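Visitor: There's a structure below that I have some questions on.
Derivation of every value follows stated rules applied to the coordinates shown; laboratory data play no part. Predicted, not measured: the structure shown is a model, and the values here were computed from it. Backbone-built Cβ (ideal geometry, glycine too); neighbour counts: all protein chains shown.
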Amino acid sequence: MSEAFDEHYWQEHYRAHGGAGGGEAPPNPHLVAAAEQLAPGRALDAGCGHGAEAGWLAAAGWEVTAVDISAAALEEARERTRDGGAEIADRITWVRADLTEWTPAADAFDLVCTHYVHPAEGRDALFARLAAAVAPGGTLVLVGHHPGDPQHAARADAYLAPEEIAALLDADRWEILAAEARTRPVPGHRGEHGHGGMLTDAVLHARRRI
């Protein structure tokens, strides 16, 4: 597999994991906790992978734009959401794009979220573009692998330090609700908590003021 987090890497990753329960994994609990406090509106799921979060948001009434670099991931995500019925599938627009090159519309989304994105380069620039896509009054949720998580010790470039990302946001325009490490159970087969272990995630949760 490619060593760089590029299109080839992600295409191989999702081909290798397709049909192995990845598409049945539950939505990220940090996103769920944040989104359950919000009224549904327009959401951007950047790096949507198997579509667990996009499907959950659509089922909750959000109109979702779901973006990923991998055609294999998007194919499985579409199949997953079709299984949930037309009411859910029709609320999702799937976009194949490289997040390091793709720019979402500014001030366009009530919720922007991303989970474990590992761009090949320009991560700060990517997060700045995602933040710019949040509408006034909207919410930004970034989840990544925390540097203290031993599960990903071999890939330092996969880490996310939430305090560093929070520092990129203009304090006059943003309220930081959380920038911290949080743990969650390791999902087992078909999304069950079957492994008995815990993952340490980095979570940034912010609300745009203006």
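Visitor: Give, as ranges by residue number, the residues of segment 97-138 whose backbone N falls under 15 Å from the point 7 Å along Cα→Cβ of residue 209.
Guide: 136-138, by backbone N distance to the label point.
Visitor: If you don't mind, another one. With each pseudo-label sitting 7 Å past Cα toward Cβ, what's the residue 175-residue 63 distance in nm, one decimal?
Guide: Going by the 7 Å Cα→Cβ label model, 2.6 nm.
Visitor: Could you line up 204, 126 from fewest to most neighbouring Cβ atoms inside 10 Å? Before the final figure, lay out each step's value.
Guide: Numbers: 204 27, 126 20.
With the sparsest Cβ surroundings first, the list reads 126, 204.
Visitor: Further, regarding this structure: Just for segment 7-208, what percent of DSSP beta bridges are antiparallel, to the closest 5?
Guide: Values: 18 of 39 bridges.
Around 45 percent antiparallel, to the nearest 5.
Visitor: Which length gain, in nm to one decimal place, applies between residue 32 and residue 6 when the Cα-Cα distance is subtracted from 0.36 nm times their residue separation? Provide the component values of the computation, followed by the final result.
Guide: On the way: separation 26, 0.36 × 26 = 9.36 nm, distance 2.78 nm.
Gain in length upon complete extension: 6.6 nm.
Visitor: Here is a further query. Given the C-alpha atoms of segment 7-208, compute the convex hull and give its volume per residue in Å³.
Guide: Details: hull volume 22.1 nm³, N = 202.
Here the figure is 109 Å³ per residue.
Visitor: Evaluate segment 87-137: find the radius of gyration of its Cα atoms, find its Kirkwood radius, and give the ratio Rg to Rh. Don't skip to the end; give the middle numbers.
Guide: Working: Rg = 12.0 Å, Rh = 12.2 Å.
Radius of gyration relative to Kirkwood radius: 0.99.
Visitor: Taking the Cα-to-Cβ direction at residue 161 and at residue 83 and moving 7 Å from each Cα, how far apart do the two end points lie in nm?
Guide: In this crude label model, residue 161 to residue 83 measures out at 4.0 nm.
Visitor: Can you tell me how much longer the chain between residue 128 and residue 116 gets when fully stretched, taken as 0.36 nm per residue apart minus their C-alpha distance, in nm with one decimal? All intermediate terms of the calculation are to be shown ahead of the outcome.
Guide: Numbers: separation 12, 0.36 × 12 = 4.32 nm, distance 1.59 nm.
Result: 2.7 nm gained on full extension.
Visitor: Figure the gain on full extension for residue 16 and residue 39 (residue separation times 0.36 nm, minus the Cα-Cα span) and round it to one decimal in nm. Show your work: numbers first, answer last.
Guide: Details: separation 23, 0.36 × 23 = 8.28 nm, distance 3.64 nm.
Gain on stretching residue 16 to residue 39: 4.6 nm.
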